[in-house]
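The values are calculated or read from the model by the stated rules, or taken from the named source; none is laboratory data. As the structure is a computational prediction, the values presented were derived from the model and not from experiment. FYI the Cβ positions are ideal-geometry reconstructions off the backbone, even for glycines, and counts take in every protein chain you see. Protein only, heavy atoms only, side chains kept; ligands, DNA and RNA dropped before computing areas. Shrake-Rupley method; radii C 1.70, N 1.55, O 1.52, S 1.80 Å.
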Amino acid sequence: MLLKDCRIVDSMGVATADILVEGETVKEVKKDIPARGEEVLNLKGAVVIPGLVDCHVHMRDFQEKKKETFRTGSRAALAGGVTAFLDMPNTDPPVVDGDTFARRVEAASKQSFCDFGINYGLTGESLGRMGRARPAAVKVYMDGSLGPVDRETMKSALESGHRVAFHAEDGEMLRRNLEYLRKEEGDDFLIHGDLREPKAELSAVKTVCELSLETGRPAHVCHVSYRKSLALLGELQTFEVTPHHLLLTETQLREMKGFAKTNPPLRSPLDVQALWGALKAGRVPVIASDHAPHTLSEKEAGPLEAPSGIPGLDTMLRLLLTLVSKRTLSLHDVVRMAAENPAAIFGLKSKGRLAPGMDADILVLDMKEEGRIDVDEFHSKARYSPFDGWKTVGAVRSVFLRGRLAYDDGDFLVRPGYGRFIPGQGPRAPPRPGR
Ligand code: DOR
Ligand code: ZN
C-alpha cells in the first residue's frame with residue numbers, strides 16, 4: 001500500500017512525503033515514491049502521525065467485565081488513535097503470577113482490537129512467581145493496592161532488570177490519614193484530596209528516586225500530580241502526566257464528586273500550573289490516559305466509598321488535539337509524549353515512530369473537525385467523564401494498524417483479536433560503572 005501526500009508530523013518536525021507500506025511494516029518514507037502496482041491512497045495533504053502508545057490503561061476484564069473488557073476498552077483505544085496500550089495488573093484476580101499473566105495475554109489476544117503489552121504486579125512474593133511471563137513492566141503500587149510492598153522488594157524489582165513503573169503514593173501515610181478521616185466523612189469530596197494528600201505522593205516519589213539512584217536503574221513514575229514531585233525527578237527517572245491532571249483541579253472533584261475522583265487526586269491550580277511549566281519546558285516525557293473505568297452506580301457512592309478512576313481512552317487524543325488547535329501544545333509534543341517516548345521507555349521497539357522497519361501504525365487526523373465530548377458516544381463501558389460536554393477541535397479520521405485500515409470514519413474494519421501481544425523486552429543488563 002502506498003499512502004501519497006501525507007503531512008507527516010513527528011517530534012522533530014513536519015514533512016510532506018509518501019509512506020510505502022509492505023505487509024505490516026513501513027518500507028519507505030520519502031517524497032514522490034513511484035507506485036509499482038500496490039494499492040494507492042492519496043491523503044491529499046492530511047496530517048499523519050504514528051499511532052499512540054498509551055502506557056497506562058486498566059482494561060479490567062476477568063471478574064470485572066461489568067466495568068470494561070478488552071473488547072470494549074480496545075475499541076475506545078483504536079477509535080481514540082491508540083494503536084498499542086499497556087494494561088495494568090490491579091485486576092481481579094491480580095496479575096501477580098505467571099499463570100494469571102498467561103490468562104491475561106490469552107483474554108486480550110482473543111478480544112483486543114489493537115496491540116498490547118501486559119504489566120506484572122509486584123507483591124512480596126510475586127517476582128519469584130513470574131515463570132515465563134514477559135511483562136512490558138513490573139508495576140509497583142506503593143499505595144498498597146496489591147498489598148504492602150517494602151523497600152527491599154522494590155529494590156529487587158529494579159535490580160531484576162525489568163522496567164519498573166511506580167504508582168507513587170505512600171501507603172503508610174494513606175492508612176494513617178484514613179484512620180482519622182473516616183470519622184469526618186461528610187459529603188465533600190475534597191476529603192479525598194486530604195486522604196491522598198500531596199505529601200504522600202512526594203514521600204513515595206522520593207523513595208523511588210532514592211531506589212533508582214541506589215541501584216543505578218531507571219524508574220518510571222506514573223501520573224505525577226504534585227508540583228514538588230517534579231523537582232525530585234532526575235535524569236534516571238521518567239514519568240507521565242495524565243490529561244485530567246493537566247486540565248482539571250480539585251474544584252472539579254468537589255463539583256463532579258465521584259466522577260472526578262481519581263488517584264492521585266486532582267490538585268490545586270498551582271500544581272496544574274507547575275505541570276504545564278514542566279511540559280512547556282520539554283521536561284515531561286510521557287502523557288498517558290490512566291484509563292480507569294468503573295460503573296456509574298459505583299461512582300455515585302460517597303467521598304470515601306466511590307472507587308477512583310476516570311476513563312480516558314475515548315477522550316485523550318481529542319483533548320490533546322484541542323490544545324494543539326489553541327496552540328497550547330504542538331503536535332510535535334503530542335507525538336513525542338504519547339507515542340515516541342512511551343514506546344522507547346517500555347521497549348516497544350516497532351511502535352511509536354513512522355520509519356522504515358517500524359509497524360505501519362498510522363493515524364490520519366482531521367485537525368479542524370469541531371465536536372463535543374459526549375459520554376453516550378464512548379466505546380468504553382464507562383459512560384461518564386469530567387470532560388462530558390467539552391468542545392473539541394480535531395479528530396481521528398482513520399487508523400492503520402500494522403498496515404491494515406483498522407478504523408475509518410467511525411467504522412471498525414478489523415475483528416476483535418486482531419490486536420497482538422507485544423512481549424516485554426525482558427531483564428536489562430546491570431548498569432556498568434563509568435557509563
Ligand atoms: O484512579 C485510579 N484508578 N488510580 C489508580 O491507581 C488505580 C485506578 C483503578 O484501577 O481504578
Ligand atoms: Zn492506573
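Across the accessible surface of the range 1-58, with the other protein chains kept in place and a 1.4 Å probe, carbon and sulfur atoms take up 49 percent. An ellipsoid equivalent to the range 1-84, defined through the eigenvalues of its Cα gyration tensor, has semi-axes of 33, 14, 10 Å when rounded to whole angstrom and sorted largest first. Take the Cα of Lys349, step 7 Å toward its Cβ, do the same at Glu298, and the gap between the two points is 3.7 nm. With Cα atoms defining each centre, the range 252-301 and the range 399-428 are spaced 27 Å apart in the structure. Averaged over its residues, the chain has an accessible area of 41 Å² per residue, based on protein heavy atoms and a 1.4 Å probe.
Shape call for the chain from the C-alpha gyration tensor, a ≥ b ≥ c root eigenvalues: rounded (a/c under 1.5), prolate (a/b greater than b/c) or oblate? It is prolate, given that a/c is not under 1.5 and a/b is the larger ratio. Ordered by 1.4 Å accessible area with all protein chains kept, Arg75, Arg129 run largest first as Arg129, Arg75. Taking the accessible area of the range 101-175, probe 1.4 Å, and keeping the other protein chains in place, the carbon and sulfur fraction comes to 47%. Taken over the C-alpha atoms, the range 284-331 has Rg and Dmax values of 14.4, 39 angstrom.
Where a ≥ b ≥ c are the square roots of the eigenvalues of the C-alpha gyration tensor, would you call the range 72-203 rounded, which needs a/c under 1.5, or, failing that, prolate if a/b is larger than b/c, or oblate? Oblate. Result for the chain in a Gaussian network model with C-alpha springs under 10 Å: among Gly117, Gly312, Gly410, the largest mean-square fluctuation is at Gly410.
Rounded to the nearest 20 debye, the dipole size of the chain about its Cα centre is 960 debye, using +1 on the Cβ of Lys and Arg and -1 on the Cβ of Asp and Glu. Among the protein heavy atoms of the range 279-435, carbon and sulfur supply 47% of the accessible surface, probe 1.4 Å, non-protein parts ignored.
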